[in-house]
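Report on the following structure.
Any read-out appearing in this document is the output of simple, stated calculations on the displayed coordinates, not a laboratory observation. Source: prediction; values computed, not measured. Every residue, glycine among them, receives a Cβ derived from its backbone with ideal geometry; neighbour counts consider all protein chains shown.
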Amino acid sequence: MKAQRAERIEQSAGRPAPSAMRLASGNQTIQAFAERVRSDLQDHLRVTRKSQATAAKAIGMSDAVISQFLSKGYKGDVAHVAHSINAWLLLESGRLGILREPIWVETKPAQEIHTAMDLAHKWCDLGMVYGAAGLGKTRTGKEFRRQRGSTVLLMTADETTRSPFAFLVALAHALDVSATATIQKTKDEIAAKLAGSGRLLIVDEAQKLTYKAVETLRAIYDKGGFGLVLLGNEILWRTFTAGRTRSEYDQLVSRVGIKRVIHPGLEHDDVARIAVQYLGHREPECIDFLVAKAGDRGGIRSVVKHCERAYQLAQLDERTAVTVQDLQAASKMMGEAAMPGRGNGA
């Protein structure tokens, strides 16, 4: 069984779809091959409901080139375009039935995060949610935005948006505001867009913002009339309330009306909820395995990753039921058995 599974993993990326997708044979004209690829691409977009722009981005070509190819008006290297599209379709065929959209599961930590966002949104208040990685902060933020639509704006701070101007430019783009040459004018236009709107701005990975960027964000928030939630790890609150930086952040901290600390670990029922969503069942042996993983440093993320990989392995074996053996194989594939210092047998 293990040998068969390994062989399936090796072959899965190149497994042809039930349709006639395959490389052009020697006796097939490029015109006939291109016509078949056009038909396959149109069928794939229709079935998967993906946009042509999404396909173009994945293939590595412009939307215009794909449009011209489909309309038979492309004057460039038709063979190259056809083979590139066909290669992507072959890859996609190997993914069908294996990859799924991320699922948001209403665990206890997710409920706490969701509630904090809801209150900040309703009351136009400043919220701060922090805790260890892998506890569902980012995914809950995305789910909250999905539920509330354009009334919620979600952005993520990173190493490229640490400075005030870089952060403002990213925020301006998200708000469809013109990022001008001066930081003051950009800040004022963003503040005018948000003030009194009743919207909610969620900033994920907020611990990565510099002090000056945080102060710029506070100045925008002080215009009033919208909610703000800062998401981050344990460093977020520690940075704002401890050490030499404490007095620097006093003005922001004094405005925090909603605070949630998301503690590590998952309850048994939460793990079972995740298993039902990802595996389709809550077999005790599988739940016990996942509970052990939840107690590790990965939290929700570790449980979800194990479920996703186990599901994919079962699919490769053409099985619908995921077993604890699949979960164990997934753990080995993820390299957890070889990582020192991990508890619970990982």
Anisotropy class of region 224-320 from Cα gyration tensor, a/c 1.5 cut: prolate
Whole-angstrom Cα spans of region 268-338 along principal axes, big to small: 31, 28, 17
5 angstrom amide H check on T156, placed H, neighbours 5+ away: D204
Kindly provide the pair-distance distribution of region 41-190 built from C-alpha pairs, with 5 Å bins from 0 and whole-percent values in order of increasing distance. 1, 7, 12, 12, 12, 12, 13, 13, 10, 5, 2, 0
Tell me the net charge near L175. Cut-off is 10 Å between Cβ atoms, L175 excluded, with +1 for each Lys or Arg and -1 for each Asp or Glu. 0
Run down the lysines and flag those whose C-alpha is under 16 Å from the C-alpha of K122, throwing out any fewer than 8 positions away in its chain. K259
Sorted from fewest to most neighbouring beta carbons within 10 Å, what does the list I183, I85, I113 look like? I183, I85, I113
What number comes out for the charge environment of K57, summing +1 per Lys or Arg and -1 per Asp or Glu over other residues with Cβ under 14 Å away? -1
Once Rh for region 188-241 is found with the Kirkwood sum over Cα pairs, what is the Stokes-Einstein diffusion coefficient at 37 °C and 0.692 mPa s, in µm²/s? 281 µm²/s
Between D288 and Q147, how high is the FRET efficiency from 1/(1 + (r/R0)^6) when r is the Cβ-Cβ distance and R₀ = 45 Å? Nearest 0.05. 0.85
